[in-house]
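Following: one structure in structure tokens, then a few remarks.
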Amino acid sequence: MASEPPIRLVPLEDEHIARYLALSDDPVLVETMGWKPFEPDEKERFLRYIENITVPNMAGGYTIALSILATEDNTPIGYVSLKGVRDSGTGAEVGLAIMDKKYRGRGLGTEALRQATAYAFDELDLSLLELTVFPNNTSAIHSYEAVGFVRTDILKESWELPDGTFADMWLMELYRPSPELRLPGM
């Protein structure tokens with residue numbers, strides 16, 4: 001019998017959001033997510049943030065927001081969002097954050113991305129996933145590459161930081177593997 005994964009994805013709930021708002025002032029998150037920390041009453045701003053599409057060709061559609069729960073104790077530790085999903089579309093943009101610093105550096109973000117990718121390709125029948133990441137966020141880039149994402153372009157001055165300046169972002173892509181190329185367990 002296979003062991004249970006260390007995390008699972010569930011629909012994002014209000015109590016998860018309240019926890020994430022309280023964790024949002026972590027300096028690592030401020031730097032790697034490029035946001036101004038959220039106040040306890042800023043649920044709507046948080047939701048707008050995780051629904052914000054940064055990949056130009058993914059504009060429109062809807063967002064599927066999922067919470068990442070640690071299997072060991074059902075603690076909400078972060079989120080994954082699939083943005084720009086269309087009912088007859090082919091792709092989506094992925095957003096991801098491990099909000100609780102106690103759970104970082106353990107491969108849980110990589111596992112969450114694997115589960116979200118499987119959901120997008122197998123359940124939503126998408127053929128392309130894209131994401132953006134700051135070039136200096138090497139741990140996230142390593143995680144994305146471990147799942148199969150490839151850096152394809154640099155989006156110059158595409159993200160407005162809280163101080164009003166603009167930062168470059170890497171565009172990374174992952175295409176659904178052809179059925180004949182899929183390895184067992186993928």
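The values are calculated or read from the model by the stated rules, or taken from the named source; none is laboratory data. Note that the structure is predicted; figures quoted are calculated from it, not measured. Cβ sites come from the backbone with ideal geometry, for glycine too, and all protein chains shown count toward neighbours. Each accessible area value is taken on the protein alone, full model and side chains, heavy atoms only, with ligands, DNA and RNA left out. Shrake-Rupley method; radii C 1.70, N 1.55, O 1.52, S 1.80 Å.
Below is a table of values for the structure above.
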| quantity | calculated |
| --- | --- |
| Value of Rg/Rh across segment 99-186 [Cα atoms, Kirkwood radius] | 1.02 |
| Å² of accessible area per residue within the chain, as computed with a 1.4 Å probe and no ligands counted | 53 |
| Rounded, prolate or oblate (a/c below 1.5 giving rounded, otherwise prolate when a/b exceeds b/c) for segment 1-117 by Cα gyration tensor | oblate |
| Within segment 12-143, percent of DSSP bridges classed antiparallel, to nearest 5 | 80 |
| Added length on full extension, which subtracts the Cα-Cα distance from 0.36 nm per residue, Ser158 to Glu31 | 44.2 nm |
| Base-10 log of normalised Debye intensity for segment 1-70 (one unit scatterer per alpha-carbon) at q = 0.29 Å⁻¹ | -1.33 |
| Cβ-based charge dipole, the chain, positive-most Cα from Ile98, Leu161, Leu23 | Ile98 |
| Residue (of Phe38, Leu66, Phe134) at the positive-pole extreme of segment 1-135, dipole from beta-carbon charges | Phe134 |
| Within the accessible area of segment 97-150 (1.4 Å probe), percent carbon and sulfur | 48 |
| Segment 46-108: proportion of alpha-carbon pairs further apart than 18 angstrom, % | 41 |
